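Let me begin by presenting the structure, written as structure tokens, before commenting on it.
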Amino acid sequence: MLFGVLSLMSFQLADSIFIGQLGRDPLAALGFTVPMQQLVIGLQVGLGIATTAVISRTLGAGNNARAERLAALVVMIGGTLVFLLLAMVWLLRETILDLLGAEPALIPLITDYWVPWLGAAWLGAMLYFGYSICRSHGDTKLPGYMMVATSLLNIALDPLYIFVFDWGLPGAALATITAFSAGCLVVYPKLLRRRWLRFDLAELALMKAIRQLSGIMAPAMMSQLMPPLAASLATALVAGFGTAAVGAWGLGTRLEFFSIVVVLALTMSMPPMIGRMLGAGDIGQIRKLVRLGVRFVVIWQLVIGIVWLALSGVVSKLFTTDPAVTGILHDYLLRVPLSYSGLGVCMLMVSVCNALGLSMRALLISVLRLFLCFLPFLWAGAQIAGMPGLLTGALIGNLLAGVQAYLFYRQGMRRLTAAG
């Protein structure tokens, strides 16, 4: 999963680099697509979390036939919901772009790009549902390999479609369609051969299954939308200190994403294990697994933070030659990475609570991280000591978020044990 996540990040970065060579307008068109992309990802990840939690728990209880039918139900519901969302985005595209502040001259370019991009988004969601079914059965190798393969194919096709075939900006989305289609043609036949999909849904208590999935999916979707909301509000606070501050903050958050990639891989690989243990009623093993995961995240992210601290002078000059941006980025690397252990624990606890069926608790952890820990301390730090204070506020806020997340998880486990 680690290599898979890294490869996905790499192909998105490569997309941006290739599109950036087309000029400012295509890059701006890509920028206006990001909020819609986050909306689609929130939906698919929410359903993916529900898939992993419900199916792995069903397998742990020894009911394989029900797990196979649930997987087919996920594919059908997920494909339909994402299609309806994308259709709505297309029909309301002019209103959406107007609300996002797109210039009228950009709308034809964005519209041309959105035609293939909507297809790529739907195929990406379908591929993700296939990956979720694999993970729920304990197979993380196939999703990991396929993420790498589709990302490499996408990167290889980008220059061919964009420049050689002269398809421009839509060529980037067409390259993604080709890569994701190839992925679906590999993953779904394997799911059918392994008998992890069964479409005879008449044997399934349909409404009960839908309620079971939606009970986890809705809060999980909301918790997935919290990080982009937090990022938007934090950027708005930083913008008060000028463009240099925004540039440095943007570089810092990109480095943050690479710094927590191991945590992201853990949030994908631990839930199937927890679901199986929960289905088998082995709460003691769950406690041991989560303790091991938390200790690893704290130590690993602390080491990452120290590395950034040691390299702060070199890295800040490597990414930009602007002295103002370099200075703020240097301050960022001296402070914020030391809090990645808290951020990592918070992310892991959201994933663990979803796997335990405590989806409302996972949502609460995400909301409290945003409105109780991170943003208030960012604002207070900015008021007290300007930009350095804001960065110190980010450090404190992330550490507090990790502590509150772990306490909420432990409280949830006590209630789960008492109920069982």
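The values are calculated or read from the model by the stated rules, or taken from the named source; none is laboratory data. Owing to the predicted nature of the structure, the values given are computational and were not obtained by experimental measurement. Here Cβ is always computed from backbone atoms with ideal geometry, including for glycine, and neighbour counts include all displayed protein chains. Accessible surface is based on the protein model in full, side chains and every heavy atom, while ligands, DNA and RNA are left aside. Shrake-Rupley method; radii C 1.70, N 1.55, O 1.52, S 1.80 Å.
Ranked from highest to lowest mean number of other Cβ atoms within 10 Å per residue, what is the order of the peptides 308-316, 375-383?
Result, highest mean first: 375-383, 308-316.
As a test of the formula, what do you get for the chain when each DSSP H run with n ≥ 4 contributes -39,500 (n - 2.57) and the sum is divided by the residue count, at 222 nm and rounded to the nearest 500 deg cm²/dmol?
Calculated at 222 nm, the ellipticity per residue is -30000 deg cm²/dmol.
Roughly how many debye, to the nearest 20, is the charge dipole of segment 181-322 about its Cα centre, given +1 on each Lys and Arg Cβ, -1 on each Asp and Glu Cβ, and no other charges?
It comes to approximately 640 debye.
How many angstrom separate the Cα center of segment 398-420 from the Cα center of segment 191-270?
20 Å
Based on alpha-carbon positions alone, could you give the equivalent ellipsoid semi-axes of segment 350-420 from the gyration tensor, as √(5λ), descending, whole Å?
31, 9, 8
With +1 on the Cβ of every Lys and Arg and -1 on the Cβ of every Asp and Glu, and nothing else charged, how large is the dipole of the chain about its Cα centre, in debye rounded to the nearest 20?
So the dipole magnitude of the chain works out to roughly 2040 debye.
Please calculate how many Å² of accessible area the chain carries per residue, with a 1.4 Å probe and no DNA, RNA or ligand atoms counted.
That works out to 44 Å² per residue.
Give me the percent of accessible area attributable to carbon and sulfur for the chain, probe 1.4 angstrom.
Within the chain, the accessible surface is 69 percent carbon and sulfur.
What translational D, rounded to a whole number of µm²/s, comes out for segment 1-128 from Stokes-Einstein when the hydrodynamic radius is the Kirkwood one over Cα pairs, at 4 °C and 1.567 mPa s?
In µm²/s, the coefficient rounds to 78.
Give the peptides 237-247, 63-73 in descending order of average Cβ contacts within 10 Å, highest first.
The densest-packed peptide leads the list: 63-73, 237-247.
Under the 0.36 nm per residue contour assumption, what length would be gained going from the current alpha-carbon distance of residue 83 and residue 306 to full extension?
Difference between extended and current length: 75.8 nm.
Using the per-residue mean of other Cβ atoms lying within 10 Å as a proxy for protection, in what order, highest first, do the peptides 359-368, 26-35 fall?
Final packing ranking: 359-368, 26-35.
Checking a compactness column here: for the chain, what do you get for Rg(Cα) / (2.2 N^0.38 Å), N being the number of residues?
Dividing the Cα radius of gyration by 2.2 N^0.38 Å gives 1.00.
Taking a point 7 angstrom from the Cα of residue 200 along the C-beta vector, which residues in segment 51-72 have backbone N less than 12 Å away?
65-66, 69
Test of understanding: express the Cα radius of gyration of segment 110-159 as a ratio to 2.2 N^0.38 Å, with N the residue count.
Ratio of Cα Rg to 2.2 N^0.38 Å: 1.36.
Please work out the FRET efficiency for the pair residue 324 and residue 414, using the Cβ-Cβ distance as r and a Förster radius of 45 Å; give the result to the nearest 0.05.
So the FRET efficiency works out to roughly 0.35.
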